[in-house]
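Here is the structure we will look at.
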Amino acid sequence: MILRALAVTCLLALSPPAQAQGAASTARQAAEALRLATEALEDATAAWDQIAGLSAAILAYEDGLATLREALRQAAVREAALACGDGAIHA
C-alpha cells in the first residue's frame with residue numbers, strides 16, 4: 001500500500017506544470033492519481049500506510065484544484081479578450 005502511495009506522489013511531483021500541457025490532460029492525471037490514492041488509503045491497514053495514502057490523496061486533490069484554478073484563469077482571460085471585440089489576449 002505504501003508503494004502505491006509513493007508512486008502517486010512521484011507521479012504528481014514529476015508531472016509537468018499545467019501550463020506545459022493541456023488542462024484536460026492534467027485534470028485526467030489528477031483524477032487518476034486521486035483514484036489510486038483513494039484505493040491505497042482504503043487498503044491501508046498500518047498507520048504508516050494510512051498516512052502515506054492520505055498524503056497522496058491530499059496531493060492529488062490539491063493538484064486537481066490547481067488545474068481547475070488555471071483553467072478558470074485561462075477562461076477569464078479568453079472571455080475578456082472576446083469582450084474587447086478583437087479576439088486578442090490582453091494580459
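Each reported figure results from applying straightforward, stated rules to the coordinates on display, with no laboratory input. The shown structure was predicted, so the numbers you read here are calculated from the model rather than taken from an experiment. Every residue, glycine among them, receives a Cβ derived from its backbone with ideal geometry; neighbour counts consider all protein chains shown.
Scanning the stretch 50-82 for residues that are farther than 17 Å from Ser25 by Cβ, loosely packed, with under 14 Cβ neighbours inside 10 Å and within 8 Å of the chain's Cα centre (by Cα) yields one hit, Glu62. Out of the residues in the stretch 29-49 meeting the condition of being exposed (fewer than 13 other Cβ atoms within 10 Å of the Cβ) and not in a loop (DSSP other than H, G, I, E, B), tell me which one is nearest to the chain's Cα centre (by Cα). Filtering the stretch 29-49 for residues that are exposed (fewer than 13 other Cβ atoms within 10 Å of the Cβ) and not in a loop (DSSP other than H, G, I, E, B), the one nearest to the chain's Cα centre (by Cα) comes out as Glu42.
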